[in-house]
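Here, each number is a calculation from the coordinates, and none is a lab measurement. All values reported here derive from a predicted model rather than from experimental measurement. Quick reminder, even Gly has a Cβ in these numbers, built from the backbone with ideal geometry, and neighbours come from all protein chains shown.
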């Protein structure tokens, strides 16, 4: 995973209030709405979504561009939709 944070995302999704498995369901729906090569910034919180969302996205062939956790406990995950 490249930790260089993209300058901006094509779309953003906040799932900080969601629980698994809805965290990835919402992420997958957002990815499905993107064109191949576009990027999605996902804001998430908690150990389970932090482990599962990037793994599940990668298993579907999407690129995990970066993952950063802020002092506020919110993680920011940048994904690129597979082509």
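Given 0.36 nm per residue, what is the gain on full extension from residue 60 to residue 16 after removing their alpha carbon distance, in nm?
Fully extending the segment from residue 60 to residue 16 adds 13.7 nm.
Using a 10 Å cut-off around each Cβ, can you sort 44, 79 from fewest to most neighbouring Cβ atoms?
Fewest-to-most Cβ neighbours within 10 Å comes out as 44, 79.
Using only the Cα atoms, work out Rg/Rh for the chain, with Rh taken as the Kirkwood radius, to two decimals.
That ratio equals 0.92.
Apply 1/(1 + (r/R0)^6) to the Cβ-Cβ distance of residue 32 and residue 71, taking R0 = 41 Å, and write down the FRET efficiency to the nearest 0.05.
The formula returns an efficiency of 0.80 here.
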